[in-house]
C-alpha cells in the first residue's frame, strides 16, 4: 500500500501593528505577539526549511490600516516565495503586490463580493499567482477579517470559482483558528468533496494527528501558525 503524500505545511506570519502575532478565533483584540519583527519571523521559518511563507496583513483585513511596507521588505529580503492575503479587495491592490514580487495574492472578501475580480486576475496573471481564501464558520463564509457573516455558503461559491479558472483554494475554519483544538474532520471532508482542485486548509492544526488527517482526506497542505510557534507541531514535518 502506497503511503499518502506528506501534506505541505506552510508557516504563517500574521502581521498586526507591524508585529508578528496570532489571533484567537480571528479576534484582533485577542492577540499573542510571537516576534516584534515579522521579517525575523519569516526568516526564522526559512532557516528551518520553509519553501513558501504565508503573510497576512491583519490590519488591512479589518480596515484598521495596512502593513504593505513591511510586506514589501519581507518579499525583497526572503530567498523563498511569499503569498500575501488580507485586505486585497480590488485589482489595483492585487497587482501592486504582484509587482512588488509577491508570488501569489490571496483574495478573501472580494472573492465573495466580486467573483469577477478572481476571473480577471487569473486571466491576466495565471492561476498559479491567484488564490482564493474562504474563511468560514461551518460552511458559511465570513468576510471583512471574519467580522461579518456573508450569508453565502462554500457550496454556492466553489462552482463559480472553478468556472473562473481557480486552481488553489484555502479554506479556514474560523472557529478553530489559533485555538490548537485540532481540525474538524467532518468539515474538512465536506470541503474536500466541494473542491476537487488543490486544497489548503487553515484553522486549528495542532499536532501530527492533524497532519495525518490531511493526508487521509487527500488535502494538499495547511497554513499553520500557533502550533509551530508554540511547538505542539514539530517544524519541519518530516514524516508521519
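Tabulated results
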read-out: Whole-Å distance, taken between Cα centres, linking region 190-206 and region 153-170; value: 12
read-out: Rounded Å value of the spacing that divides the Cα centres of region 98-132 and region 36-88; value: 17
read-out: Rel. contact order, % - alpha carbon contacts under 8 angstrom, at least six apart, the chain; value: 19
read-out: Estimated 222 nm signal from helices in the chain, with DSSP H stretches of n ≥ 4 weighted -39500 (n - 2.57), rounded to 500; value: -9500 deg cm²/dmol
read-out: Max mean-square fluctuation residue, GNM over the chain, Cα-Cα springs under 10 Å, options 28, 127, 159; value: 159
read-out: For the chain, average projected area of the Cα convex hull in nm²; value: 11.7
read-out: DSSP beta bridges in the chain [antiparallel fraction, %, rounded to 5]; value: 30
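Readers should treat all values here as calculations from the given coordinates under stated rules, not as data from a laboratory. Keep in mind that what you see is a predicted model, and the values were worked out from it rather than measured.
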